[in-house]
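First the structure, in the form of structure tokens, and then the observations on it.
Every number in this text was worked out from the coordinates using simple rules, so none of it is lab data. Just so we're clear, the structure is a prediction, and the values are computed from it rather than from any experiment. All Cβ positions, glycine included, derive from the backbone under ideal geometry; neighbour counts span all protein chains shown.
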Amino acid sequence: MPVPASDEVLVRTLCSAISPGTEQLVYRGQVDPAMDIDTSIDAFSGTFSYPLKYGYSLVGEIMETGPGVDQSLAGTRVFCLHPHESHFTIRPGQAIVVPDHLSTEDALFLASMETAVNLLMDGRPVIGECAAVFGQGIIGLLVTALLHRFPLALLVTLDLYPGRRQWSLATGADHSFDPEDPEVFNAINSLVQAHRGEPGTDLTYEVSGSPDALNTAISLTGFDGRIVVASWYGTKTAAVDLGGTFHRSRIQILSSQVSTIHPRFTGRWDKPRRMQYALQLLEDLKPSRYLTHSFSLEDAGTAYAQQEASPEDTLQIALTY
């Protein structure tokens, strides 16, 4: 059992969430093994070469405090950006206290909600715009939930799996489509044209994890439109078509990654502010409804296999300890 240093606390994990995107890339070996894991998170070190500890969404309880730490923190529930692990030591500043009225299961989605908040900040939706979201996994659904709060003219989503499209409609999408439907472009452009007088969305999010979706997003986005790419493709190559549609339409392709905040906001926003706002959103949106599976840590292998084999039935998996 790790012993906390003078400025540390010992945390006992209650549950942790498996990232359906990034962790699946690691699981499949689709990440450059020489790449640093994430230098912005203190709990990580080394590269993506096996063996490694990974995961970054964990809720635990402070068991013990070091002599230099406020002893009243013992028994406090905290969220940590930390790998799947039953016990670990951290400095109190690396943990976020979970409010008493927020369930452990809802708190488990804090990292995903922070990512969704960052995506909204980078995309800058505007009143009356027509928006599309490719991919209705956890991140896509949370982006849809936040966009639903904006006074948009139209919000459409696309996902391969019927179950996820149903979740999307329940979350707030006006329409949800199968991207492989041969009539999908005509259907969406007809809806968009009814609102803005011409085809092509104003704002498009690509969160499907599929490199092929980026070209589809380009085809669907209108003149001077914005495409926000949140998917990390790892070693998968995106063969982007920068021909006629893109070249003539002045489309912007924007990268969005939660480890940083766009420079336009850093005068007023920092990571603690963004994280605290994401924490408030958890209380409103209660994303624990997206928790579809739970496995004990000893069955983690089965959990990863479930996510790999049945993505259509698997939104979010939790590991319990």
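Seen from Leu315, the other residues with C-beta closer than 15 Å to its C-beta sum to a net charge of -3, counting Lys and Arg as +1 and Asp and Glu as -1. Scanning residues 5 or more positions from Leu14 or on other chains, those with amide H under 5 Å from its amide H are Val59, Gly60, Glu61, with H placed 1.01 Å from N in the peptide plane. For trypsin sites (Lys or Arg not before Pro), the sites in segment 223-304 that DSSP calls loop and that have at most 13 other Cβ atoms within 10 Å are Arg250, Arg264, Arg268. Taking amide H as placed 1.01 Å from N in the peptide plane, Thr201 has its amide H under 5 Å from the amide H of Thr221, Gly222, each at least 5 places away in sequence or on another chain.
Sorted ascending by nearby beta carbons within 10 Å, beginning with the fewest, Val98, Val126 become Val126, Val98.
The residues neighbouring Pro20, those whose beta-carbon lies less than 15 Å from its own, together hold a net charge of -3 under the Lys/Arg +1, Asp/Glu -1 convention.
Could you list log10 I(q)/I(0) for segment 115-255 at q = 0.13, 0.14, 0.16 Å⁻¹, which the Debye formula gives when each Cα is one point scatterer? Debye intensities relative to I(0), on a log10 scale: -0.47, -0.56, -0.75.
In degrees from 0 to 90, rounded to the nearest 10, what is the angle of the helix 162-171 Cα long axis to the longest principal axis of the chain? That helix lies at roughly 80 degrees to the long axis. Using the Cα gyration tensor of the chain, with a ≥ b ≥ c the square roots of its eigenvalues, what is the shape: rounded (a/c below 1.5), prolate (a/b larger than b/c) or oblate (neither)? Here the chain falls in the prolate category. Near Ser45: Cβ cut-off under 14 Å, other residues only, Lys/Arg at +1 and Asp/Glu at -1. The net charge is -3. Angle, helix 184-196 long axis vs. longest principal axis of the chain, Cα atoms, 0 to 90°, nearest 10? The angle comes out near 80 degrees. The phi-based Karplus calculation (6.51 cos²θ - 1.76 cosθ + 1.60; θ = phi - 60°) puts the 3J(HN,Hα) values of segment 16-24 at 9, 9, 7, 5, x, x, 4, 5, 5 Hz, whole numbers, x for Gly and Pro. Read phi for every residue in segment 122-127 and hand back ³J(HN,Hα) as whole Hz from Karplus 6.51 cos²θ - 1.76 cosθ + 1.60, θ = phi - 60°, with x for Gly and Pro. Result, rounded to whole Hz: 6, x, 6, x, 10, 3.
Rounded to the nearest 10 degrees, the angle from helix 138-147 to the longest Cα principal axis of the chain is 60 degrees. The phi torsions of segment 214-228, fed into the Karplus equation with coefficients 6.51, -1.76 and 1.60 and a -60° offset, translate into couplings of 5, 5, 4, 5, 4, 5, 8, 8, x, 4, 6, x, 10, 10, 9 Hz, rounded to whole numbers, with Gly and Pro shown as x.
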